[in-house]
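Note sheet for the following structure.
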Amino acid sequence: MDEIKGFVGSLAASRDAREGPMLQEDRVREILSRLERGEGVKSIARTLGVDRKTIKRWRRLGGWQARVRGARRRGLDAFGAFLEKRGPEVAWNGAVLLREVQGLGFTGGYLQVQRFVRPLRDAKRWAAVATVRFETEPGRQAQVDYGQLRVWIGEQVERVHLFVFTLGYSRRLFVQASRDERLASLLDGHEQAFRHFGGVPLEGLYDNPRTVTLGREAGRVLWHPVFEDFARYWGFTPRVCQPYRAQTKGKVESGVKYVKRNALAGRRFRSWEDLHAWLAQWMAEVADVRTHGTTYARPIDRFAEESLTPIGVRAPYRFEHVRHRIVPPDALVSVAASRYSVPVRFVGETVRVHETAGHYEIYHQGAEPIARHAKAGRHAMVMDPRHYAGLLRPGGKPSDPRPPHFDPAFLAAGGEVAIRGLDTYAAAAGQGSVL
């Protein structure tokens, strides 16, 4: 046990050395979130091991600010990528690595190589250790993931994407069904979960979806800029699993399976609205009140101990994806493989399509939308009859044409032809007259 603790400590130290600025920013964000939820300075200092003066300083500044300092370059920095890849192949043998980097131009000694590869070796060794279950403190973490399932909706089978948000301590979960896993759906799922629980955890743990992270560079996570801004807006710290180590997100992985096997197994729904209503009922009447297999307690009971940061009256995060389209003759604007109607008077005009979490809002030049439609599935055609008011129905015939009344040449020749009633013609026919 002491060996494991020492190993974990060395890993933490190496991680701090490589990701110090990011860890510092995360710690400051956690301090501010705890202050916002009403924790005292002394309690935070005791829990996080941070000096009270430091906490007060960040409270005064109101947010993390990077400290500008000169970067200290080591002689082995130029060979870092090589050592990280070559090290596991030679079992991190310092003598072998020294000989090889000297062949590449390094002029230093064995101790420099040993100090440089130690954190790399520790990180790789830790990644190879079997997963150990850990429990998070109340309000600390939520784990987020998607699952997919084919479900009967109406008369056809639809692919349903299940957004599952599980609180790490209480195991209380929130699930939302959507048509896709795009960024707008992901953000909307978060906000619905925050409102469902009435608060925000300190951290969110994710796999590595492209809607959250764009990859890694020099050991640092490259966050999707919109998602990073969303996390800052709501005051939580995003974290991602190591690639190919999704088992570290086991709570929500179990939650996805539970939703599939318990809530949706063998079910058929009349509509998407019917599906949403059932999931809300299932969360309240089944998932919240079951006895959890790991905690041996009901999630709704343990939830009373969750100390989430209250959301208050904060407005929803404003996410918009804007496209420009020219309205075609049928007044149907093409968006994401479907078509949505606008008033016919805008045919030929350029319009802006604003995509929000659940709708498309279409603008011309003013501040008010000329059309607003709920998102539909691919290859759908969504038409508002009001947009076609005054037009003929498809297949209709035009009325009889009316003659021009103001032709100058016709008027000069005697004006309009007299319009006589049918009785006049009948009387003339009886007298044998010719009109």
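The values are calculated or read from the model by the stated rules, or taken from the named source; none is laboratory data. Computed from a predicted structure; not experimentally measured. Neighbour counts are summed over all protein chains in view; Cβ atoms, including those assigned to glycine, are modelled from backbone coordinates with ideal geometry.
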Please give the number of the condition Leu162 fails out of (1) of a type outside the set (Asp, Glu); (2) surrounded by fewer than 19 Cβ atoms within 10 Å (Cβ to Cβ); (3) modelled with pLDDT of 85 or more; (4) in contact with a helix residue (DSSP H, G or I) (Cβ under 8 Å, 6 or more places away or on another chain).
(2)
Taking segment 99-117 and keeping residues surrounded by fewer than 19 Cβ atoms within 10 Å (Cβ to Cβ), in a helix (DSSP H, G or I) and touching a helix residue (DSSP H, G or I) at 6+ places or on another chain (Cβ under 8 Å) leaves Glu100, Tyr110, Gln114
Which listed residue is assigned to a loop (DSSP other than H, G, I, E, B) and either over 17 Å from Tyr146 (Cα atoms) or at pLDDT below 95 (or both), from Ala231, Ala265:
Ala265
Just give me the residues in segment 355-379 being out of contact with any helix residue (DSSP H, G or I) (no Cβ under 9 Å at 6 or more places or on another chain) and of a type in the set (Ser, Thr, Tyr), in sequence order.
Tyr360, Tyr363
Return yes when Ile31 is under 20 Å from Arg140 (Cβ atoms), within 29 Å of the chain's Cα centre (by Cα), among the aliphatic types (A, V, I, L, M) and modelled with pLDDT of 50 or more and no when it is not.
yes
With the first residue restricted to segment 212-233 and required to be under 30 Å from Asp77 (Cβ atoms) and without any contact (Cβ under 8 Å) to a residue 40 or more places away in the chain, and the second required to be aliphatic (A, V, I, L, M) and part of a loop (DSSP other than H, G, I, E, B), Cβ contacts under 8 Å at 6 or more apart or on different chains are Trp223/Val212
